[in-house]
1. Could you grab me the full set of residues in the stretch A:204-256 that are under 19 Å from residue A:52 (Cβ atoms) and among the β-branched types (Val, Ile, Thr)?
2. Out of all the residues in the stretch A:77-88, which are part of a strand (DSSP E or B) and more than 13 Å from chain B (Cβ to nearest Cβ)?
3. Scan the stretch B:120-141 and give yes if some residue there is exposed (fewer than 13 other Cβ atoms within 10 Å of the Cβ) and under 21 Å from the mean Cα position of the chain (by Cα), otherwise no.
4. Scanning for something in contact (Cβ under 8 Å) with a residue 40 or more places away in the chain and in a loop (DSSP other than H, G, I, E, B), does the stretch B:260-268 turn up at least one residue?
5. I need the helices (runs of 4 or more DSSP H) fully contained in the stretch A:143-256, keeping only those with at least 1 residues that are touching a strand residue (DSSP E or B) at 6+ places or on another chain (Cβ under 6 Å) and within 14 Å of another protein chain (Cβ to nearest Cβ).
6. Out of curiosity, is residue B:151 within 27 Å of residue B:391 (Cα to Cα) and either in contact (Cβ under 8 Å) with a residue 40 or more places away in the chain or touching a strand residue (DSSP E or B) at 6+ places or on another chain (Cβ under 9 Å) (or both)?
7. With the structure loaded, tell me whether residue B:176 is without any contact (Cβ under 8 Å) to a residue 40 or more places away in the chain, surrounded by 15 or more Cβ atoms within 10 Å (Cβ to Cβ) and under 26 Å from the mean Cα position of the chain (by Cα) or whether it fails that test.
Amino acid sequence: MLEEFNDSTPLAERENIIECKNLNKWFGDLHVLKNVNLNVKKGEVLVVLGPSGSGKSTFIRTLNALEEIQEGTITVDGTTLSNDTSDIETIRKETGMVFQQFNLFPHMTILKNIMLAPIWVRKWPKDKVEKIALELLERVGIPEQANKYPGQLSGGQQQRVAIARALAMQPKIMLFDEPTSALDPEMIKEVLDVMKELAKTGMTMVVVTHEMNFAREVADRIVLFDFGEIIETGTPSELFDNPQHDRTKLFLSQIL
Amino acid sequence: MNQIQYEKKPLIEKPPKKKVNILEWLKDNLFSSWINTLFTIGLGILVFFVLKGTLTWVFFSADWSVVSDNFKLLLTGQYPIVELWRVWVCILLVSILLGFSGGIWNGTITHLSIFLTVLFLISGLLPFVSIESRIWNFTGVVLLVAGYYGGKKLPIKKTILLGWFLLFPITIFLLNGFDILTKVGTNLCGGFLLTLLLAIVSIVFSFPIGVLLALGRRSKLPVVKYFCIGYIEFIRGIPLITILFVAQIMLPLFLGQGLEFNNVVRAMIGMTLFNAAYLAENVRGGLQSIPRGQFEASHALGFNSSLMTFFIILPQALRTVIPAMVGQFIAIFKDTSLVTIVGLIDILGMAKTISQNPEYLGKQMELFLFVAAIFFVFCYMLSYSSRRIENSLGVGKR
C-alpha cells in the first residue's frame, strides 16, 4: 500500500530531488542564509547540524516555502519555487514536514488530523484515505489512539501522529525541523525509532536535529551550518571522526 | 536482628471522603464565627422581608388582568386574528425540528426542546388563554415528544438538517403571505413576534457578514483590508439609534424609487449591519488567538488559504469566542427594543402603549415585569446553551 522507495543504485549516481543554488535570506538587516548551495539525492538522509541561531531551521523551512528567500533558486522534484502559488502548492504536496511543536489540529481527532489533507488536497476517496491512515497509525505504533484528540496524547505520541499525518499525503520528501527538541527524554527514542524505520524504506529525508547518535547512525550525509553558511559537509564518519574545519571541531567538542 | 517492617499499602489511595451533615455544613459555612453569624442573621431577615414583599405583591396585590387582557397584543401585535394560525404553524415547525434534533443529537439541543416543552405547557395551562391556543400549545408538546422518539429511531438526520435550512424562508413566507396567502404587511407584525423576528434575522445574517469582515480585515489585499477596517471602525463609532434613524430616513433616498423596503425590513438591515461590525471584532479576537504553527502545518500539508481557513482556522477561532459571541447575540436580542424609537412596536413598545391606555392606569409595573420576565427567559436560554456548547466542545481543555 505505502510506496517503498528503495532502489539499488548507489547514492552518488542517483538524480537530485532537491537543488538549492546560492540561497540568500535576510531578516531585516540580519543575513541569515549566506550563499547556501546544497543538493539532496533521491533516497538520501541528510542531517543538518549547527548551533542554535545558525540558520539551519530557516534553511529547511525555505524548502517548502514557509520562509521566503530573497536570492537564489530552489528546485524540488523538478518544480522551481517562484511566487506562483500553484508552484508552491505542488511542492508542498510532495514534501511532508514535521515540526518541533507537533502542530496537530487540536479540534479534530487523530484520525481526522491524518485524513484531512489527503481528502481535500489530494482529492483521494475517503475509504482509501481511511485505510492509509489506519495503516500509518499502526506503523507509528499507536493504532488505539485513532479516535482521541491531540490534547489527550503524550508529546511523543503527538509527534508520531504528526509524522503519520505528513506521510498520509505520500510525499516524496520528508522534512524534520527539530522533531525531538520539545520532547521529554524518555519520549525521544520512540520518535527517533519511527524516523529510523522511515529512513530504511528509502524515503528522502532532511533532518534538522541535535541528536548526534541519530545523525551518526542514520545519516548518509551531514552538513554543518554556522552563521548562515555551510561550514562543512561529509559522511558521518568523516565529520565526526575527522573534522576539517575549526568551527566544526569547536561545535563537536561542545556537544559530544 | 533488626528487620525493617514495611507497611503494605496499595499504590493508589482514594482521596478521603468527606461526610456531609446538614448541621455541620451550616456550622462551617454560616455560623463559623460570631461575625458570620451576625451576617447570616442580618441577611436572612433582609431576604425574608424582600421575598415577603415581592411575593405578596405578585400573588395578591398585583392585577395581572392587564397582561391577560392584552396577551395577544403583547405577543403578536396587530397580526390579524384570522391569520394567527400561520404564526402557530411556524412555531409547530420549530417544535417538530427541535424534537427530532433533540432525539438525534442529544445534549444541548435536547435541553432546548425540554425548555420549549415547558414553555408550551405553561402557556397552554394559563387560565385566561382561549381553547384554540390551548390546542395549539398541546399540539406543540405532542410534536416535540413524538419528534424526540422519532429522532432516536428513524434515520432522517439529513432531512432534519435540510428542514432547519428551509425553516427560515418558510417562516418568512408564512408570516408575510406574499399575496399567495393573504398578504400580512410587516407593519402588522408587532409585540414579541417582532422582537423575535428582528433578533433572529439580525443574528442569522450578521454572523456570516461578521466572519467575512473579520477575515477581510486580516486579508493581504489592501482594498479588501482597508474597506473592512473602515466599515468596522465607522459602524462602531456610531450609536445603534443613529443607524436605525439613518436606515429609516436615508435608506429610501439612497436606494431610489424602484427598491422600497418597508420599515421593519429597514430596521432589520440597520441592526444586521450594526451587529456585523461587533461580531467581526469578536471573531478577529479568535483568529488572533490561533498559534502560527497551525497556519504553518496547514500550509506544509498543501492546503490553500480557503481550505485552511474553513477547516483549521475558523473552527478553532469561533470555538474560542463562543462566550463573546453569545454575549453579542444577547445584546442584539435586547437591543431590538430600541426600534420603538423609529415607530415600530415591539414587545416593550407594546407594553408602553398599553400602559398609556387610561383603562390600565397605574398598572405599568405588571406589564413591564411580564416583559422583563420574557426577555430574561430567552436571554438565559441563550447563555445556558452557550455554556453547554462550550463544555461539549471542550473550550479551554483541548
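1. Within the stretch A:204-256, A:206, A:207, A:208, A:209, A:222, A:223, A:230, A:231, A:248, A:255 qualify.
2. A:80
3. Yes - at least one qualifying residue is present in the stretch B:120-141.
4. Yes, some residue in the stretch B:260-268 is in contact (Cβ under 8 Å) with a residue 40 or more places away in the chain and in a loop (DSSP other than H, G, I, E, B).
5. Filter on the stretch A:143-256 gives A:155-167.
6. So residue B:151 fits the description; yes.
7. Judged against the criteria, residue B:176 is a match.
Quick grid of which residues meet (1) over 17 Å from residue A:103 (Cα atoms); (2) surrounded by 21 or more Cβ atoms within 10 Å (Cβ to Cβ); (3) touching a His at 6+ places or on another chain (Cβ under 8 Å):
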| site | (1), (2), (3) |
| --- | --- |
| A:159 | no, yes, no |
| A:165 | no, yes, no |
| A:173 | yes, yes, no |
| A:177 | no, yes, no |
| A:193 | yes, no, no |
| A:196 | yes, no, no |
| A:209 | yes, yes, no |
| A:218 | yes, no, no |
| A:240 | yes, no, no |
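We did not get these values from a lab; they are worked out from the coordinates using the rules stated. This one's a predicted model, so the numbers in the text were calculated from it and none came from an experiment. Please note: Cβ atoms are built from the backbone with ideal geometry, for glycine as well, and neighbour counts cover all protein chains shown.
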